């Protein structure tokens, strides 16, 4: 197991990359990825930034997941807080230009998905727990008995539907993101020789116990 400070650094770096990748998919200007359609819809309805909408929804999902009996990790909490925070900061800095054409938009969308995949590699590899939305998928799988792929597709389809009803931007990019993220993650994990099933995630209680042990 890697040392605690390195794991924390990899977690935070991974979450930053994840947010950067999200902004890249948004700047592709082809329609947002499924969850970001919902976040944008929330920001339209409640008059908040898309990052704060992501944090608010993540908090609600964490509560649901905890009430359903799933363990939360430090990574789950920081995922909820930092992706939204980084998202707003990157947008404020206007680091990524808005694409003006179809080809450049598709290229930016695919590049963004690979950056998200690299971010996933770092934050999952830190072993501090999955993100809130992954936890929701696990809850649905356990409660419904449906295959995990069906649960993911169902959750993301509902996110797109309700996000679209709230004015979130849906387009070709939404389809590319929904269908392409799995492929990008698989390629990234294969190149880096990373097996997510080999990671034993710590619960928040285990992490706090480890911190007290280090201090003592």
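Taking 0.36 nm per residue of separation and subtracting the Cα-Cα distance, full extension of the segment from residue 195 to residue 144 would add 15.7 nm. Spatial offset of region 143-164 relative to region 99-120 amounts to 23 Å, using the alpha carbon center of each.
As a test of understanding, state the convex hull volume per residue of the chain from its alpha carbons, in Å³.
Roughly 127 Å³ of hull volume per residue.
Ordering of 183-190, 172-179 by packing is 172-179, 183-190, highest average first (other Cβ atoms within 10 Å, averaged per residue).
By the helix-only formula, in which each DSSP H run with n ≥ 4 contributes -39500 (n - 2.57) and the sum is divided by residues, the chain has a 222 nm mean residue ellipticity of -25500 deg cm²/dmol. Counting beta carbons within 10 Å around each of 128, 85, 102 and listing the fewest first gives the order 102, 85, 128. Compared with the direct C-alpha span, the chain from residue 162 to residue 45 gains 41.0 nm at full extension, assuming 0.36 nm per residue.
Every number in this text was worked out from the coordinates using simple rules, so none of it is lab data. Model, not experiment: these values are computed from the prediction. Note that each Cβ is placed from the backbone with ideal geometry, even for glycine, and that neighbours are counted across all protein chains shown.
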